[in-house]
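This report refers to the structure that appears directly beneath it.
The values are calculated or read from the model by the stated rules, or taken from the named source; none is laboratory data. Bear in mind the structure is a predicted one, so any value in this text is a computation, not a measurement. With ideal geometry, Cβ positions are generated from the backbone for all residues, glycine too; neighbour counts draw on all protein chains shown. Quick note on the areas: whole protein, heavy atoms, side chains included, nothing else; ligands and nucleic acids left out. Shrake-Rupley method; radii C 1.70, N 1.55, O 1.52, S 1.80 Å.
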Amino acid sequence: RSVSVVLPTIDRYDYLVPLLVQLASQTVRPHEVLVVDQTPRSRRRHDLADVVPDLAVTVFEQDEPGQSTARNRALAAASGELVLFIDDDDEIGPDLVRDHLQRLVDGIDVSSGGVDDATAGPPPAGFRHRRASDTFPTNNTMARRAALDGAGWFDPALDRGPRADHDLGMRLHQAGAL
């Protein structure tokens, strides 16, 4: 199954470059990585597609920052059957893609992974087991492209505030995605 990685960034190359290396080191490599760079032009790098030469990275430059617009721009170009959403400052282990793929069985359309946050403390009991999720974190979620198409992608009206990911998660649920 082909996986497209949607990866918006804005002026955080110190995080993004190691993440690209981590994506290239996946036990199941992504089909493509779609970076939407919203860094101001005067500070924008133009070598991101070459950071890891054997990783298929496409970079889109976007002058007007916006979380939903950036993700939708990458979705419009994505050719994978599945889409992995991660953030530019994520640190991922070598099995992230594989682990999501193992969970997208039995009619499941979306796999939302846990997020380790040093300030949040340990996850509650049962959090690491398969269950219906109450969140749609765009920093660790893989979804079937067909489910995303059915839900209508990200709402650009939520470009600059919280809840863009929650909104899409709710619309996926309302559209019948599991």
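Filtering region 3-12 down to residues that are part of a loop (DSSP other than H, G, I, E, B) and touching a Ser or Thr at 6+ places or on another chain (Cβ under 7 Å), which residue is surrounded by the most Cβ atoms within 10 Å (Cβ to Cβ)?
10
Being among the acidic types (Asp, Glu), open to solvent by 30 Å² or more (accessible area, probe 1.4 Å), at pLDDT below 95 and over 14 Å from the mean Cα position of the chain (by Cα), is that true of even one residue in region 62-72?
The answer is yes; a qualifying residue exists.
Counting only residues that are closer than 13 Å to residue 112 by Cα and either at pLDDT below 90 or of a type in the set (Ser, Thr, Tyr) (or both), how many does region 141-168 have?
The number of residues fulfilling the criteria is 3.
Condition check ((1) farther than 26 Å from residue 174 by Cβ; (2) not acidic (Asp, Glu)) across all residues:
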{"position": "28", "(1), (2)": "yes, yes"}
{"position": "53", "(1), (2)": "yes, yes"}
{"position": "79", "(1), (2)": "yes, yes"}
{"position": "89", "(1), (2)": "yes, no"}
{"position": "100", "(1), (2)": "no, yes"}
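Which strands (runs of 3 or more DSSP E) does region 13-94 wholly contain that include 1 or more residues that are in contact with a strand residue (DSSP E or B) (Cβ under 7 Å, 6 or more places away or on another chain), within 23 Å of residue 166 (Cα to Cα) and touching a residue at least 40 places away in the same chain (Cβ under 8 Å)?
Those strands (runs of 3 or more DSSP E) span 32-37, 82-85.
Mind listing just one residue for me: the one in region 162-178 that is open to solvent by 30 Å² or more (accessible area, probe 1.4 Å) and among the small types (Gly, Ala, Ser) and, of those, nearest to residue 105 (Cα to Cα)?
Among them, the one singled out is 176.
Inside region 88-101, can you point out the residues that are open to solvent by 40 Å² or more (accessible area, probe 1.4 Å) and more than 17 Å from residue 28 (Cβ to Cβ)?
Correct list: 89, 91.
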